[in-house]
Amino acid sequence: MSLLLISGPSGAGPGERQEMLERARQFMNQQGVEPADIVRIDVPGRGGEEGSGTLRADLEGLIPVLQSGSLFGGTQGVELIDGQNLLVGEATVVSELIRVSEGVAVAIVAEGAVHASINAAVKDVGSKVVVRKVWESGATTWLIDEIKARGLEIDASAGAALVQRFGADLAALGQALDQLADVKGKISAAAVLDRFKNRPNEPIFHYTDAVAAGKTQDALRRLGDLLVHQHPLVILASLESEVRRRSMALAAPDKETLIQMAGARASDKWVDRVWRRRGKLKDSSLRSAVDALARADKVLKSAPEEMHRVTLERLTVAVSRWLAGR
């Protein structure tokens, strides 16, 4: 039997998930498994319908597949999706069946950690590949290489516009390039922004990083993207967290004390960033930021929804200037 664990980040985005599924399909091809001989089983989240034994009903079909192999003499393929959702008893049963199966290729796709029994089976009879989370910087590098490989004529500003529209979703970026292949002449940023209207659901720290660096226009653009997916109070909370970190940095005599005060780890990237910039923040600016956050909180909780966006836009501009020491 052949076993591959494809481990991706917790909360994988569409791009990472697409890559994980593609790795599973590549594994099946390498094992000589025909598409007709691949059985896909999606592990349900917590809960689900109870089965007659240790496995929940959605997983009961896994047992005969692992026990009997292919009905046509070839290699039987099994794609077990969302393996991180396996319950303890289920993971134990699956790992035991995998160890004794013959003529079966199993690909387990998981976001985050899987049960120890699965890891033990992979160590004994299989292998593991890791799909890393893709950030915008990585997506930009990937996009540049992909544009060259496809022979497309795209302005650098148009490439940046694609990342603006789709974030780090490599699958969506690839589909966008497929559509742009039909465009004659050089593709401009205006053409990209006009053609693709969707906004990415990107990590909120991209926004707070822009605010902390005083990049007002970038912060406002990211705020607009976030408001499509996030509640205004979630965005406000992220700003409050940034200001609180700056307050602790001002009060801490050294970086080690800051780490202790914040309950952080020395490896947390924000620690070095905040500590380096502590000298730029004035006490008066910090007080102004705290007061502005309190007023914005009151508006978001009491004023009509029409006021939320303009309140956050004004707050973003003000806080970005204060934190940048202007």
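Here, each number is a calculation from the coordinates, and none is a lab measurement. Just so we're clear, the structure is a prediction, and the values are computed from it rather than from any experiment. Cβ placement follows ideal geometry from the backbone for every residue including glycine, while neighbour counts extend to all protein chains displayed.
Just a few scattered comments:
- Neighbour counting of Cβ atoms within 10 Å sorts the residues V310, V78, fewest neighbours leading, into V310, V78.
- Normalised by residue count, the range 69-166 yields a Cα convex hull volume of 157 Å³ per residue.
- Length added when fully stretched, M307-A181, from 0.36 nm per residue minus Cα-Cα: 41.2 nm
- Cα lying deepest toward the dipole's positive end in the chain, options T311, L180, A107, charges on Cβ: T311
- Only lysine pairs 8 or more places apart or on separate chains count here, and in the range 185-326 those with Cα atoms under 22 Å apart total 8.
- Modelled spin labels at S10 and R265, positioned 7 Å past Cα toward Cβ, are 1.1 nm from each other.
- Calculated FRET efficiency, Q26 to K215, Cβ-Cβ distance, R0 = 51 Å: about 0.85 to the nearest 0.05.
- Difference of contour (0.36 nm per residue) and Cα-Cα distance, K280 to V88: 64.0 nm
- Listed candidates (1) 17.7; (2) 16.7; (3) 21.9 - label of the one calculated as mean projected area of the Cα convex hull in nm²: (3)
- Residue exposure sequence - E102, E16 - by fewest surrounding Cβ within 10 Å: E102, E16
- Helix-only mean residue ellipticity at 222 nm for the chain, each DSSP H run of n ≥ 4 adding -39500 (n - 2.57), per residue, nearest 500: -18000 deg cm²/dmol
- By the rule of a C-alpha distance below 25 Å, with chain neighbours fewer than 8 residues away ignored, the lysines paired with K123 are K133.
- Average projected area [Cα convex hull, the range 136-195], square nanometres: 3.4 nm²
- Total charge dipole magnitude, the chain, about the Cα centre, Cβ charges on Lys, Arg, Asp, Glu only, Debye to nearest 20: 2060 debye
- Along the axis of the charge dipole computed for the chain (Cβ charges of +1 for Lys and Arg, -1 for Asp and Glu, origin at the Cα centre), the listed residues Q26, S7, A213 are led at the positive end by A213.
- A Cβ-based charge dipole, computed about the Cα centre of the range 164-312 with Lys and Arg at +1 and Asp and Glu at -1, lands at about 420 debye.
- Cα→Cβ-extended label distance, 7 Å offset, between V125 and R295, nm: 6.7 nm
- Ordered by the number of other Cβ atoms lying within 10 Å of each residue's own Cβ, fewest first, S157, S302, S238, S320 fall into the sequence S302, S157, S238, S320.
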